[in-house]
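Peer 1: Here you go, one structure.
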Amino acid sequence: MNPVLPMKARRMHAPTRRPRRSAGMTLVELMVGITIGMLIVAAMAILFANNSRTRAETERSSQKIENGRYALDVISADLQHAGFFGEFDPRSIALPAATPDPCVTASDMATLRSAMPVYAQGFDSVGASTLACINDVKPGTDVFVVRRAANCVDGSAGCTNLATGAPAFQASSCNDVSELGSGVVANFYKLENDVAALTLHKRDCAAVADIRRYLVRIYYVANNDVGGDGIPTLKRSELRGAGSGPSAFTTVSLVQGVENLQVDWGMDTNNDGAPDTYTASPEGFGGCNATTSPTCVERWTSVVSAKVHVLSRNLERSPGHVDGKSYALGTQTVAAANDNYKRSVFQELVRLQNPSVRRLLP
């Protein structure tokens, strides 16, 4: 029979609990962990860099496409209204004996009036100094001119006000003997640089006829946007106020990145209002020259449409890319630039509404 131990003895013989030792990482484990962490960070850095390059390239491409489309929109809108002179039909004006100079200013109103029937006019693959009123023109690109009256009436909301000495147009609707009833073409319209001389009337022969700005706009591609920044840009030079020479024209940059502009003109040779053939130079169509009759200027009055071709490029270089392609812009081919810019061609067929519709009328 086992003796019963006192309570104190039992406590003394109970097993003691040892404190647990904290477990640490060995040097090898630490190095492996650091290596794995570095690999993860490097992979994330590469992924971030690739995403940044892709995003930047996408933005460059989007800007290029947007610029090309916007350039076509601006050009098309103006060409569609070429030859608009309100109620007046410019075909009743005698054609000038020679091709009009687009750089004529409001100081020579007689020449401006004689140029009205030539509502559209182009210069194919120009040199750097083709026209005196524009500069920095990129050689080998087209320049074209639009002549028309403004869509809005002077003084109406949102309409640009007439500048002092700027040419203004007015068409008569009054059948009075002093206006339409006179049978004299010079009494059917007025193109003046003095608003006080615009005295024609509306159909009631009492109210003064609408006055509109007369627009002469020259579109071209410049080598630079500002100074010598090297950014090819679509520009527009517009006849504005008084003065003579280039100072009478206001030039604005329309779209950056437009590197080339080519226009093929659609000519209506059978007077049905539709284009029958396209050419880059209507004046030379059919072997026309300055000694033939009718004059070659008349070729421009048969233009009823235009195929507009625009070559747009990125504003920034694309690293690792070399553009070795040539581009077809209508009848012209642009040689490969072999540089780091990406390019795209944009084109649109534009109908010149006013001239084409007039040719359908008896």
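The values are calculated or read from the model by the stated rules, or taken from the named source; none is laboratory data. These numbers come from a predicted model, not from an experiment. Positions of Cβ are backbone-derived with ideal geometry, glycine not excepted, and every protein chain shown enters the neighbour counts. To get the accessible areas, we keep the full protein, side chains included, count just its heavy atoms, and leave off ligands, DNA and RNA. Shrake-Rupley method; radii C 1.70, N 1.55, O 1.52, S 1.80 Å.
Peer 1: Put one equal scatterer on each alpha carbon of the stretch 60-216, apply the Debye formula with no solvent term, and list log10 I(q)/I(0) at q = 0.09, 0.13, 0.16 1/Å to two decimals.
Peer 2: -0.36, -0.70, -0.98
Peer 1: Related question: Between LEU30 and VAL252, what's the calculated FRET efficiency when r is the beta-carbon distance and R0 is 56 Å? Round to 0.05.
Peer 2: So the FRET efficiency works out to roughly 0.25.
Peer 1: Round to the nearest 10 and report in Å² the accessible area of LYS64, as given by a 1.4 Å probe over the protein chains' heavy atoms.
Peer 2: Using a 1.4 Å probe on the heavy atoms, I get roughly 20 Å².
Peer 1: Compute a Gaussian network model of the chain, connecting alpha carbons closer than 10 Å, and tell me which residue from VAL126, VAL41, VAL145 fluctuates the most.
Peer 2: VAL41
Peer 1: Modelled label-to-label distance, SER92 and THR269, 7 Å Cα→beta-carbon offset: nm?
Peer 2: Roughly 3.1 nm, to one decimal.
Peer 1: What share of all Cα pairs of the stretch 30-96, in percent, falls into each consecutive 10 Å distance bin?
Peer 2: 16, 18, 15, 14, 12, 9, 7, 5, 4, 1
Peer 1: Give the accessible surface of the chain per residue, rounded to a whole number of Å², with probe radius 1.4 Å and ligands, DNA and RNA excluded.
Peer 2: Ligands and nucleic acids excluded, the figure is 53 Å² per residue.
Peer 1: Dividing the convex hull volume of the alpha carbon atoms of the stretch 54-138 by its residue count, what do you get in Å³ per residue?
Peer 2: With only Cα atoms used, the stretch 54-138 gives 147 Å³ per residue.
Peer 1: Helix 27-80 versus the longest principal axis of the chain: what is the Cα-based angle in degrees, 0 to 90, to the nearest 10?
Peer 2: It works out to around 10 degrees.
Peer 1: Follow-up. Could you state the per residue volume, in Å³, of the convex hull enclosing the Cα atoms of the stretch 178-224?
Peer 2: With only Cα atoms used, the stretch 178-224 gives 116 Å³ per residue.
Peer 1: Next up: Can you list the residues, at least 5 places off or on another chain, whose amide H is less than 5 Å from the amide H of VAL216, using H built in the peptide plane?
Peer 2: LEU239
Peer 1: Given 0.36 nm per residue, what is the gain on full extension from ALA207 to VAL41 after removing their alpha carbon distance, in nm?
Peer 2: 51.8 nm
Peer 1: Sort the following peptides by mean Cβ neighbour count (other Cβ atoms within 10 Å, averaged over residues), highest first: 44-50, 191-197.
Peer 2: For the peptides 44-50, 191-197, the packing ranking is 191-197, 44-50.
Peer 1: If you take the Cα Rg of the chain and divide it by 2.2 N^0.38 Å, with N the number of residues, what do you get?
Peer 2: Here the answer is 1.76, to two decimals.
Peer 1: Carbon and sulfur together cover what percent of the accessible area of the chain at a 1.4 Å probe radius?
Peer 2: About 55 percent, which is the carbon plus sulfur part of the accessible surface.
Peer 1: If you average the C-alpha positions of the stretch 194-254 and of the stretch 275-353 separately, how far apart do those two centres end up, in angstrom?
Peer 2: Rounded to whole Å, the Cα centres lie 24 Å apart.
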